[in-house]
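Structure first, commentary second.
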Amino acid sequence: MPVVGILGGYYLSYIKEDFKKIGDAFIFLGTLFIGASIALLGQLYNMDGSVLSLLVWWCILTIPVTFLFRFKSLAFITISLFYLSIFYLLDDNSFFHWWFDEEQLIRIFTLIPFSIAAVSYFVRKTVGKNFAPVLSVFALVSLKLLFLSLFVGTLDEELSLLGRSMGSLIFQHILFLGAVFLVMWLANKEYNLVLRSTTFFWLGVFLIAKYFDWVWSYQQMGISLVLFGCFLMLLVYGYIKGTKYCETLKKEGLQAENNS
Amino acid sequence: MEKNNKISPKVLFSILGALVLCFSGIIIINEYTLVSGEEVFLKTVPVDPRDILRGDYVILRYEIERNEKVKTFIAQEKLSAGDVFYLILNKDEKDLATLDRLALEMPKEALYIKGAVGKGGWRGAAVELGIGKYFVPEKRGREVERIRGGLTVLVSVDKLGKALIKDLYYKEKKIDFKNDKIL
């Protein structure tokens with residue numbers, strides 16, 4: 001099935017060229033069928049394999065197809081399978097199904113996404129220009145995971161990278177904000193809107209989380225603090241709305257002047 | 001979807017060839033075990049009903065892996081999770097296999113199954129034989145779950161010690177999932 005799907009897709013998309021979208025969909029389905037075929041063979045022979053082995057084999061067999069066709073959707077599947085494999089690898093090595101060594105999980109999910117994002121970025125800039133769509137997806141997904149891990153590390157001393165101390169928690173905050181602002185700077189430099197919105201999203205999440213964290217810590221100070229925070233948020237919202245309203249008025253005024 | 005227009009047919013056919021090789025490899029290896037392997041029956045032991053069925057497969061545990069000799073061997077040889085050893089079997093006139101002895105090296109002339117030390121605990125088997133799962137038709141696993149004792153498994157064991165499940169038997173009668181009721 002995967003071979004038929006990919007071959008059929010290639011024929012429709014690259015030889016016939018009249019059915020490009022259907023051909024692309026066939027190639028995408030063919031890649032999904034790789035995983036389905038592995039699972040089916042496992043069932044057929046009652047093989048005692050784990051989810052981890054299914055994910056690893058699926059990922060390995062998908063990589064060449066992804067780099068050949070260079071679809072963003074295929075790149076997303078490959079990188080997702082890769083990270084899921086790592087997740088299941090950590091799960092497989094833990095004693096309880098629902099319990100992870102969180103510190104190890106955070107460290108691994110900081111180090112690996114950072115490495116993949118950095119390597120993808122530099123390879124795309126230097127020798128891998130042909131593979132830009134694939135590498136940019138690898139870098140983007142890795143960066144999102146990196147931000148998530150760094151952000152989770154800022155929530156608790158035990159989850160920070162350098163261990164259980166106040167200093168390491170401060171370092172974690174610096175690291176998270178440093179990474180977000182560095183990527184924001186790069187995104188602005190390259191006019192990369194997706195990357196820029198990702199950094200704004202994580203900055204927003206960080207500010208909201210820290211505000212509520214702060215409110216929780218100083219709860220005894222009373223409801224006034226919460227109300228003050230809500231007032232501040234409303235003020236910011238009002239400012240944004242007000243600016244937009246002024247801009248609309250300005251545009252309407254200019255249009256009226258032009259018409260007259 | 002975005003793509004670069006140039007796709008080398010040579011590279012494409014190499015990748016597809018590798019895919020075909022990979023899948024046919026899995027089929028050939030398993031068919032070799034099923035066709036050339038020696039058939040034996042293995043007695044199962046009851047498993048905690050909460051664990052026996054996950055999805056549409058039955059979890060099977062065997063008498064040979066629960067044998068005291070196995071526990072002693074693992075302790076004596078100081079084996080840890082993932083370490084490989086061989087379970088050498090005896091076969092009676094009814095093809096029912098029992099554990100004879102254990103070895104760290106692959107035996108030259110005997111019927112044996114390759115095993116590995118498992119994680120143990122409630123989550124995994126103490127010994128992994130590669131025959132711990134049997135896939136059943138949808139929603140039929142509960143019927144197998146109700147069988148407490150008397151369940152034997154027909155396995156095919158090849159010369160390298162790889163075992164594969166062929167069929168399930170209850171009181172020497174093959175379980176046929178095509179029937180409405182298996183018992």
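The values are calculated or read from the model by the stated rules, or taken from the named source; none is laboratory data. Bear in mind that the values here come from a model prediction, so they are computed numbers and not experimental data. Heads up, the Cβs are rebuilt from the backbone with ideal geometry, glycines too, and the neighbour counts pull from every protein chain shown.
Computed quantities for the displayed model
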{"read-out": "Near pairs, Cβ below 8 angstrom, 6+ apart or cross-chain, from the range B:6-30 (within 7 Å of chain A (Cβ to nearest Cβ) and in contact (Cβ under 8 Å) with a residue 60 or more places away in the chain) to any residue that is hydroxyl-bearing (Ser, Thr, Tyr) and surrounded by 18 or more Cβ atoms within 10 Å (Cβ to Cβ)", "value": "B:30/A:45"}
{"read-out": "Selection from the range A:13-36 of residues that are of a type in the set (Ser, Thr, Tyr) and in contact (Cβ under 8 Å) with a residue 40 or more places away in the chain", "value": "A:31"}
{"read-out": "Single unsatisfied condition, residue B:9 versus (1) within 21 Å of the chain's Cα centre (by Cα); (2) modelled with pLDDT under 85", "value": "(1)"}
{"read-out": "Hits in the range A:122-150 (condition: aromatic (Phe, Trp, Tyr) and crowded, with 18+ Cβ neighbours inside 10 Å)", "value": "A:131, A:138, A:147"}
{"read-out": "All positions within the range A:103-121 that are modelled with pLDDT under 85 and loosely packed, with under 14 Cβ neighbours inside 10 Å", "value": "A:104"}
{"read-out": "Test: residue A:81 is away from every other protein chain (no Cβ under 12 Å) and either in contact with a Phe, Trp or Tyr (Cβ under 6 Å, 6 or more places away or on another chain) or not in a helix (DSSP H, G or I) (or both)", "value": "yes"}
{"read-out": "Test: residue in the range B:144-151 that is in a strand (DSSP E or B), at pLDDT 85 or above and surrounded by 15 or more Cβ atoms within 10 Å (Cβ to Cβ)", "value": "no"}
{"read-out": "Residue match in the range A:75-94 (condition: out of contact with any Lys or Arg (no Cβ under 9 Å at 6 or more places or on another chain) and acidic (Asp, Glu))", "value": "yes"}
{"read-out": "Residue that is farthest from the chain's Cα centre (by Cα) [pool: residues in the range A:10-56 that are more than 10 Å from every other protein chain (Cβ to nearest Cβ) and outside any helix (DSSP H, G or I)]", "value": "A:18"}
{"read-out": "Hits in the range B:127-143 - residues which are surrounded by fewer than 15 Cβ atoms within 10 Å (Cβ to Cβ) and either under 20 Å from residue A:50 (Cα atoms) or free of Cβ contacts under 8 Å to residues at least 24 places away in the same chain (or both)", "value": "B:137, B:138"}
{"read-out": "Test: residue in the range A:62-74 that is more than 9 Å from every other protein chain (Cβ to nearest Cβ), small (Gly, Ala, Ser) and out of contact with any Cys (no Cβ under 8 Å at 6 or more places or on another chain)", "value": "no"}
{"read-out": "Tally of residues being surrounded by fewer than 18 Cβ atoms within 10 Å (Cβ to Cβ) and over 17 Å from residue B:22 (Cα atoms) across the range A:26-55", "value": "3"}
{"read-out": "Residues of the range A:150-160 classified as under 23 Å from the mean Cα position of the chain (by Cα), without any contact (Cβ under 8 Å) to a residue 24 or more places away in the chain and in a helix (DSSP H, G or I), total", "value": "0"}
{"read-out": "Flag if residue A:163 is outside any helix (DSSP H, G or I) and assigned by TED's automatic domain parsing to the domain that holds residue A:109", "value": "yes"}
{"read-out": "Residue A:5 being in contact with a helix residue (DSSP H, G or I) (Cβ under 7 Å, 6 or more places away or on another chain), part of a helix (DSSP H, G or I) and facing another protein chain (nearest Cβ under 10 Å)", "value": "no"}
